[in-house]
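S.K.: Take this structure first; my questions come after.
The values are calculated or read from the model by the stated rules, or taken from the named source; none is laboratory data. Because the structure is predicted, anything quoted here is derived from the model rather than measured. Glycine also receives a Cβ, built like all others from the backbone with ideal geometry; neighbour counts cover every protein chain displayed.
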Amino acid sequence: MKSYTAILRDKRRTPPGLSSVAEWLAAGQGFYYFATGLWSLVSVSSFMAVTGPKTDRWLVQVVGALVLVIGVVFLVAALRSVLSLELGLLMVGSSLALGLIDVVYVLKGVLPPIYTVDAIEEFAVLLLCLAFLHQFTHRRHSTFV
């Protein structure tokens, strides 16, 4: 069985680097999700200082952990050039869900206006994912391990 580092450095991959808009999109959104998810876990107090107070710290950390995991999946898929339709749909669904939650709860006054910045980013990613969804239907190699 291959180690995790061997999976990431799979030699069958064509030239190193990101070679499509979809790969760059997955890598960018992956980094954004990884960073914001990690931030909420490492320093919940500074996270809430920017994003506003929350009554349930545990919920902030649960969402942060899920967002971090999704970010790792996006990053690994981009770096390995494994852009399945499922990955594209996860990107579309994540961006749509998080963007809508931002907008709805900012309009209700539950979330502070800073969340509109996240909503703009999420909807930009959503539109780009939809525009380049056809690039999420190929696999340069299809083995997992």
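S.K.: What residue, of V92, V125, V67, is surrounded by 14 or more Cβ atoms within 10 Å (Cβ to Cβ), of a type in the set (V, I, T), in contact (Cβ under 8 Å) with a residue 24 or more places away in the chain and under 18 Å from L18 (Cα atoms)?
M.R.: The conditions single out V125.
S.K.: Now, a different point. For segment 93-113, name all the residues that are among the β-branched types (V, I, T) and at pLDDT 95 or above.
M.R.: Correct list: I101, V103, V104, V106.
S.K.: If T51 meets every condition in (1) surrounded by 13 or more Cβ atoms within 10 Å (Cβ to Cβ); (2) closer than 20 Å to S40 by Cβ; (3) β-branched (V, I, T); (4) at pLDDT 95 or above apart from one, which number is that one?
M.R.: (4)
S.K.: Taking L75 and the conditions (1) part of a helix (DSSP H, G or I); (2) at pLDDT below 95; (3) in contact with a helix residue (DSSP H, G or I) (Cβ under 9 Å, 6 or more places away or on another chain), which numbered condition does it fall short on, given that it satisfies the others?
M.R.: (2)
S.K.: Hey, among the residues in segment 1-41 that are more than 22 Å from E122 (Cβ to Cβ) and outside any loop (DSSP other than H, G, I, E, B), which one's modelled with the lowest pLDDT?
M.R.: Only one residue fits best here, namely I7.
S.K.: So I114 ticks every box in (1) surrounded by fewer than 17 Cβ atoms within 10 Å (Cβ to Cβ); (2) within 24 Å of L127 (Cβ to Cβ); (3) free of Cβ contacts under 8 Å to residues at least 60 places away in the same chain but one. Which box is left unticked?
M.R.: (3)
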